[in-house]
1. Given (1) of a type outside the set (Val, Ile, Thr); (2) surrounded by fewer than 20 Cβ atoms within 10 Å (Cβ to Cβ); (3) part of a strand (DSSP E or B), identify the lone condition not met by B:GLN152.
2. Could you check the range A:260-307 and list, in sequence order, the residues that are of a type in the set (Asp, Glu) and either buried (at least 19 other Cβ atoms within 10 Å of the Cβ) or farther than 13 Å from A:MET250 by Cβ (or both)?
3. Yes or no: the range B:274-283 includes at least one residue that is part of a strand (DSSP E or B), acidic (Asp, Glu) and out of contact with any Leu (no Cβ under 9 Å at 6 or more places or on another chain).
4. Output yes when any residue across the range B:117-129 is within 14 Å of another protein chain (Cβ to nearest Cβ), at pLDDT below 95, in contact with a Gly (Cβ under 7 Å, 6 or more places away or on another chain) and within 17 Å of B:ASN276 (Cβ to Cβ), and no when none is.
5. So if I check each of A:GLY138, A:GLY189, A:GLY166, which one is within 30 Å of B:GLY81 (Cα to Cα), touching a residue at least 40 places away in the same chain (Cβ under 8 Å) and under 26 Å from the mean Cα position of the chain (by Cα)?
6. Mind checking whether some residue in the range B:76-85 is more than 13 Å from every other protein chain (Cβ to nearest Cβ) and outside any strand (DSSP E or B)?
7. State all residues of the range A:58-79 that are surrounded by fewer than 21 Cβ atoms within 10 Å (Cβ to Cβ) and either within 11 Å of the chain's Cα centre (by Cα) or of a type in the set (A, V, I, L, M, F, W, C) (or both); if no residue qualifies, say none.
8. In the list B:HIS135, B:HIS144, which residue meets the criterion of being in a helix (DSSP H, G or I), modelled with pLDDT under 95 and under 20 Å from the mean Cα position of the chain (by Cα)?
Amino acid sequence: MGISETYSRGRNLAVSRPFVLVAVAVVAILTLDIGRRLAAPGGLTSAQLATFLWEGLVVGLSIGLAGVGLSMTYSILNFANFGHGDYVTSGAFAGWAVTWLFAGAGQFDLATLLFIGSVSTRDLGVSMLETPLAILAGLIVAAAATIGLSLLIDRLVYKPMRDDEGISLLIASIGVALALRYTIFIVFGQRTRGLTDAQSVPEFAIPVGGGGTLDVGGHELTLVVIAAALMLGVHLLLQTTKLGKAMRAMADNEDLAQVTGIPTERVVRFTWIIGGGLAGASGFLIALERGAMNFQFGWILLLMIFAAVILGGIGSIYGAMFGGVTIGIAQNLSLVWIPSEFSTVAAFGVMIVVLLFKPDGLFSGVTTA
Amino acid sequence: MSSEASEAERSEASKRAGSEATREHGGGGRSEASKRARSERDRRSVAADGGTASSGATRAADAARPDDSLLRVRDLDAGYGDLQILTDVHMDVGDGEYVTIVGPNGAGKSTVMKSVFGLTSYMGGTIEFAGEAIHGLAPEEIIHEGIGYVPQNDNVFESLTVRENLEMGAYILDEVPEEQIEVIYDRFPILRERSDQRAGTMSGGQRQMLAMGRALMLDPDLLLLDEPSAGLAPDLVQEMFDRIDRINDDGTAVLMVEQNAKEALGRCDRGYVLVNGENAYVDSGEALLNDEQVRKDFLGG
């Protein structure tokens, strides 16, 4: 390629897509600035930078894991499910009721445990170190209960509307969201409750150079490991199993899937099973990592989940994973420059900038379910 | 609908079709067609069951029809939603036969094919395949009967690889039929070369081969092809028709809708001309090509 051609390509890019150049320039400047701050005495330490990145990864994977289910149901059922955030909450409440029941049976009143009521988290002592089996049981129940819930709601609400426009389904899903949220509110109350015993959560100090350490919490590590494993599992399911391939085929071209003999209703059911299971598991894990939850944490999280999914390209599960991590890291890394009150602004800022030059999201056109 | 009522309608329609058949057979080129070995079968008309005005020879051929017709469409009314497109359509495809449907735009050619595959609103009449009534069945049930369908547009899963597309073609089987994939690869060697490539990255001709390969994965008795030459570069069109010939030579019956009417009629055993959702002409492909009326009205002179 000649120089003049390169030049004219560059000029075309600058004229037609000025945002690309601006975005590249901004990223370059910020990277250089991080380098400068790291070098400056009394500036950013490598331990701080590592902490921002780690926290970003933790937040990002939790959002991404919840987003995978949302993206999947979007690509196969063709509607944005606003109830997804409350599926996350429902899973968390179901799972934690079971975890508490396991951890405190014989020690506390069963009803109090089941309703995740007023028990000193210190006395109950739930943590990965002390009660790993109770947490594992809770995780499984969280996923299973959310699968049951999403299949039930599909049968009652979405299936009769299967051939309707995406917008009707979207509005129905807002109704589902409200119904779920206030059912949880009525049963469990509006109190934000502590869940784990912060004292007994193990911490690992990882040296990161310059004498600093990155403190990795045991529950953060649990979330990262399980979320990564589940995402790998979804990837293998979609790429190697017959059902996964059928899901991708149906996301790609529903009419053709039908004439090919793929049982579309069965694929829809499995989509809810996987999407619901991941929503429930992510809700449980997010609550584990935060050590607290209330009846609307999923709903509040839904905004971030949508941001991640749209950033990655709605409908693409890899986009949801990648978008989640991008949003999480942007949010935390922004703390280098701006106070934490504005970190959410930074996350959405990144989303807007990406959408300016890639309006369909980063993974658009790579529709992998 | 009670069987009595449908019987009455059928004989009514047969009479009408019978009188049409006289006109159909009045066209030129019939003697020429009869020189061909397969013309005995070709000369069957729309007037299938007991057309009153056909010649004795045709009636004799018609009488044999119910036994050897693989696909048998009678008095078919169908459309989309409440909109009726097809009226009293008759169509037959014999075992291993190659049949083409031609006609002007909007004549309902593709609709016939979609109706056979259960993709339209069924409004009346019968569709029998291998002696079994299949009208009213869903596509996923019709697949089990041994019919493969290649839609005109969007007929491959773009984000899946070539091999995955073929695997989806055999979804209803418990195991991926490796031998059949090899058969398809032998028939379309380019697919073997591209087996791990995403279908969306392939050219129009390659996609069409993949779409046919997918539909052949269950080794159907009847292959429905909706405008297989649409959107292909001119030099690829001949190649595509050659491939269809070979699929047919290997024993698969073909029912094809084609815009490229001359080419299609020149190659098929029998052709149907459809106008306004009704049968207009039926004869051997050769005879239709030589029929002055058909040529003037539908083949551009």
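1. Condition (3) is where B:GLN152 drops out.
2. Answer for the range A:260-307, where residues must be of a type in the set (Asp, Glu) and either buried (at least 19 other Cβ atoms within 10 Å of the Cβ) or farther than 13 Å from A:MET250 by Cβ (or both): just A:GLU289.
3. There is at least one residue in the range B:274-283 that is part of a strand (DSSP E or B), acidic (Asp, Glu) and out of contact with any Leu (no Cβ under 9 Å at 6 or more places or on another chain).
4. Scanning the range B:117-129, I find at least one residue that is within 14 Å of another protein chain (Cβ to nearest Cβ), at pLDDT below 95, in contact with a Gly (Cβ under 7 Å, 6 or more places away or on another chain) and within 17 Å of B:ASN276 (Cβ to Cβ), so the answer is yes.
5. A:GLY166
6. Checked against the condition, which is being more than 13 Å from every other protein chain (Cβ to nearest Cβ) and outside any strand (DSSP E or B), the range B:76-85 yields at least one hit.
7. Matches in the range A:58-79: A:PHE79 only.
8. Going through B:HIS135, B:HIS144 in turn, just one is in a helix (DSSP H, G or I), modelled with pLDDT under 95 and under 20 Å from the mean Cα position of the chain (by Cα): B:HIS144.
The values are calculated or read from the model by the stated rules, or taken from the named source; none is laboratory data. Every value quoted in this text rests on a predicted model; they were computed, and no experiment measured them. Virtual Cβ from ideal backbone geometry, glycine too; neighbours counted across all protein chains shown.
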